[in-house]
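Data first, discussion second: the structure below is written as structure tokens.
None of the figures in this text is laboratory data; all of them are computed from the coordinates on show. These figures come from a predicted structure and were not determined experimentally. Because the Cβ atoms are built from the backbone with ideal geometry, glycine has one as well, and the counts that use them run over all protein chains shown.
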Amino acid sequence: MYCPRLDHFRRIMPSGKIGLCGHMTEIKSFDDLDALESSRWLSEVKATMIDGSWPSECKRCKDEESRGEKSIRLNAVERHNILSRIKDDYLIIGGILDNICNSACQFCTENLSTKIGSLKHGSNYKLFDNKKVFDNIPQDRIIELDINGGEPSNSPNYASLLANPPPNVKVIRINTNASRYIDEIEHLIQKGIKIIITISLDGIDNTYEYVRWPLNWNRFNSVIDRYRSLRDKHPALSLDFWTTISAYTIRDLDAIRSFAIDKGIDISMGRLNDPAELDVRYSNPLTLPHKHIVGVAIDEDNSDALLAYIKAQDALRGTNYEDCYNWA
């Protein structure tokens with residue numbers, strides 16, 4: 001048992017430091033690529049996996065595979081069999097170049113969203129710009145980009161990167177809120193680059209608009225349909241949805257799955273554990289109606305903490321949870 005991400009995936013953190021897999025539960029970061037790759041910590045994680053055991057940091061993949069689900073690790077093994085033929089010391093670079101974002105998602109932070117930063121601090125919000133960090137990574141080793149953000153469709157840094165990716169890039173995965181169509185994708189497809197667009201889908205209709213305030217559900221739908229039309233013309237483009245399961249979204253899971261089926265787009269889901277108030281393991285008026293789902297509403301009642309969290313988020317955004325949820 002081994003995970004190729006230990007050797008080949010590197011993540012740019014908001015701080016500008018270099019980390020490893022964003023799926024790890026304890027993410028360590030280092031000043032630069034060399035410091036990470038020569039670290040005792042990474043050597044110990046690798047040794048644990050080589051010995052056939054799960055490192056504590058890899059709890060999410062361990063849990064997913066124990067449930068018979070396809071984990072990030074298993075996906076990485078499949079990708080490694082392809083990418084290693086291109087370059088044996090290849091790199092997949094993920095993380096963020098900046099935190100420019102047009103959405104103030106209810107479970108996000110200003111580290112990943114300038115929209116939230118502006119709500120909290122006005123024009124004095126902090127902008128992360130890690131373009132130089134990216135440029136210092138050996139460009140010829142980069143075979144795949146795993147683009148997150150912020151929101152890539154709103155960032156000049158990402159527009160520049162997509163217009164002129166490193167010379168050996170063969171695959172680009174883009175995680176987007178689909179509030180805007182990314183025009184550069186068509187150019188990349190013409191260059192023979194495989195494009196994977198992962199679209200965040202955290203609720204249907206009014207749930208979506210509440211959770212991903214101030215985005216618009218109808219516009220989201222129209223952008224998805226444009227991507228679907230492009231996919232139908234170009235096999236090099238693939239689409240998938242990602243849903244973050246939280247106290248906000250648990251009620252919409254069946255509708256989310258139906259929506260994905262109707263659109264003909266594969267979907268994956270993962271449970272949120274930070275912020276803890278939104279973890280579906282706790283019992284509260286938003287999770288208890290869905291107690292029939294394995295692992296939901298099995299821990300102590302956190303209703304007071306959850307309501308305080310929701311009201312704080314509403315005060316920041318000028319929203320009102322009562323327009324979307326019944327607090328029984």
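Computed values, structure above
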| read-out | value |
| --- | --- |
| Filtered trypsin sites (Lys or Arg not before Pro), the stretch 143-239: DSSP coil and at most 16 other beta carbons within 10 Å | 180, 191 |
| Angle between the chain longest axis and helix 253-263 axis [Cα atoms, degrees, rounded to 10] | 50 degrees |
| DSSP-defined antiparallel bridges as percent of all bridges, the chain, nearest 5 | 15 percent |
| Contact order relative to length of the chain, as percent, for alpha carbon pairs under 8 angstrom and 6 or more apart | 12 percent |
| Antiparallel content of DSSP bridges confined to the stretch 1-124, in %, to 5 | 50 percent |
| log10 of Debye I(q)/I(0), alpha-carbon scatterers only, for the chain at 0.09 Å⁻¹ | -0.49 |
| Average Cα contact separation per residue, the stretch 86-277, under 8 Å, 6 or more apart, as relative contact order % | 18 percent |
| Where GluC sites (Glu not before Pro) fall in DSSP loop in the stretch 1-108, at most 15 other Cβ within 10 Å | 26, 69 |
| Relative contact order (%) - the stretch 25-136, alpha-carbon pairs under 8 angstrom, separation at least six | 15 percent |
| The stretch 18-62: trypsin sites (Lys or Arg not before Pro) in DSSP loop, at most 16 other beta carbons within 10 Å | 28 |
